[in-house]
Amino acid sequence: MSTVSVIGGGPAGSTFAARMAQLGHHVVLLERESFPRRRLGESLSPGVLPLLAMTGARAAVEAVGFRKVRTVRVCWDNGEEVRDDPREQGLIVDRGMFDRLLLDRARALGVRVVQPALMCSTHHQGGRWLVEATAPDGPVTFEADFVADARGRDMRARTRRWTGARTLALHAYWRGAGLPTEPRIEAGEEAWYWAVPLPDGTCNTLLFVDARRFRVGGEGTLTDRFLNLLGRSTLMADGGAAEMIAPPSAIDATAYIDEACASTMSLKLGDAALALDPLSSSGVQKAIQGALSAAIVANTLMRRPELGETALQFHRSGLDEASQRHRSWAAGHYGRVAAKGGGPFWQSRAADAVAEETPAPPRPDPAGKILASCGVMLSHEAEFVELPCIEGEFVALKQAVCHPALDGPLAFLGGREVAPLLRRLPAGVTPHELARAWSDSMPHGQATAIADWMLDRGLLVAQEGAL
């Protein structure tokens, strides 16, 4: 049995450790701090709970009864509006309790947790890692086959590439009357603001400012400057009777990607590998999602080393794609304020926005109107490539299809492999006949939906001369 060392017990580290234990590895997790402890990221996006089901942590999180988010008050480029989610998919959590629940789930799956533990060193010895740490009971030393670094924003990392404008997050917790009762997001002149009412009755106010300009300009203490900026927003308009629990803190909130995020014997997880622009509000979700896929990568590296390069390519490309996708999304939202007269703060963050989207290639008429009784064929613009994908508990190379109407190579659709369906395309078959043929390996309704989707995207077109 392989031994895996996980350094860091936040959402990424705990989830990775739990999943590796499920995959049959012996896992030792080292966490520096005692839980519970305060941590930013109390507002969780809707995709978090479904991901937690993979390790069995969802039930424990739902049982606590964290507050569900129904409405968010937003003041951005078009004045104030209330965004309503009738399904209440988002959560506001006590991160100390949330993180402890995930760590407890890892323990329940057999992970050995050493907490608090101060890391001393990790270095190669005889083809394995020698891990050394100190704990209250004394030194902790063991050998590991694999090391996962989930220590978050280690500002000493020299392999980090910034992917967004340098941003500083200033935050403080408040208690008292008049605090916001629902999440609030607001665009200011040279900052944007976020208020998160927490389960214990306190409220976290966050200000995101340009790191360089904030450090260079301005006078007074951090508290003075924080209050001055906060006073330019409406977050605390009704909070005259509230008071700060402690002085404000400042942390780097710049988006980045670590270019040394993977090797055959180690991976970086969560914020150690990738940090998104805070505007996305999905850092915790991405950390958990990345940890789940990283566990499959690590399992492949250890048990199927012949697929090592494929697994590493999958890990790196996944981080690159997530970074670029969120970067473009955030730039678009910054650009909306920049277009309404926003100054340097907004303009610098809108730099990645695409000024003019490339028009989508024309699609054929809907299948039901023209192609229902016509023979179809694979588009001449479609081509097949090999793509690293998750298949069960391992990363494997699968055939994928490329087409100008797709965002990228497509290997699976509705859980079904796409390439085998298209490579076995009978000549002259109609869409209905095609769906019936595919029904041998999937429900007829799914086969029909996949055929219609391919027609709509232009992967399948009318056979030459059929119209």
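The values are calculated or read from the model by the stated rules, or taken from the named source; none is laboratory data. Please read these numbers as outputs of a predicted model, since none were measured by experiment. Cβ sites come from the backbone with ideal geometry, for glycine too, and all protein chains shown count toward neighbours.
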Going through region 14-48 in order, the residues found to be part of a loop (DSSP other than H, G, I, E, B) and either within 24 Å of Ile185 (Cβ to Cβ) or among the polar types (S, T, N, Q) (or both) are Ser34, Arg38, Arg39, Leu40, Gly41, Glu42, Ser45, Pro46, Gly47
Sole exception among (1) at pLDDT 90 or above; (2) out of contact with any Cys (no Cβ under 6 Å at 6 or more places or on another chain); (3) of a type in the set (Gly, Ala, Ser) for Gly415, by number | (1)
All but one of (1) more than 18 Å from the chain's Cα centre (by Cα); (2) buried (at least 22 other Cβ atoms within 10 Å of the Cβ); (3) more than 10 Å from Val395 (Cβ to Cβ) hold for Gln347; which doesn't?
-> (2)
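Determine whether Ser34 is modelled with pLDDT under 95 and among the polar types (S, T, N, Q).
Yes.
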Listed residues Met265, Met244; which is in the same structural domain as Thr181 (by TED's automatic domain parsing), modelled with pLDDT of 95 or more and either farther than 28 Å from Gly201 by Cα or in contact with a Lys or Arg (Cβ under 9 Å, 6 or more places away or on another chain) (or both)?
-> Met244
Across region 200-223, what is the number of residues that are surrounded by 12 or more Cβ atoms within 10 Å (Cβ to Cβ) and of a type in the set (D, E, K, R)?
-> 4
Residue ranges of strands (runs of 3 or more DSSP E) in region 49-148 with at least 1 members farther than 24 Å from Glu182 by Cβ and either assigned by TED's automatic domain parsing to the domain that holds Pro36 or in contact (Cβ under 8 Å) with a residue 40 or more places away in the chain (or both) | 112-114, 118-125, 128-135, 138-144
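Just checking, does region 108-122 include any residue being basic (Lys, Arg), modelled with pLDDT of 95 or more, more than 30 Å from Gln347 (Cβ to Cβ) and under 21 Å from the mean Cα position of the chain (by Cα)?
There is no residue in region 108-122 that is basic (Lys, Arg), modelled with pLDDT of 95 or more, more than 30 Å from Gln347 (Cβ to Cβ) and under 21 Å from the mean Cα position of the chain (by Cα).
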Per the filter on region 334-344, residues part of a helix (DSSP H, G or I) and surrounded by 20 or more Cβ atoms within 10 Å (Cβ to Cβ) are Tyr334, Gly335, Val337, Ala338
Could you pull out the residue among Arg32, Arg19, Arg39 that is among the basic types (Lys, Arg) and more than 23 Å from the chain's Cα centre (by Cα)?
-> Arg32
Go through Thr3, Thr55 for me and flag whichever is buried (at least 20 other Cβ atoms within 10 Å of the Cβ), of a type outside the set (Lys, Arg) and either at pLDDT below 95 or more than 19 Å from Val196 (Cα to Cα) (or both).
-> Thr55
Applying the selection to region 157-181, what residues are among the charged types (D, E, K, R) and in contact (Cβ under 8 Å) with a residue 40 or more places away in the chain?
-> Arg160, Arg161, Arg166, Arg175
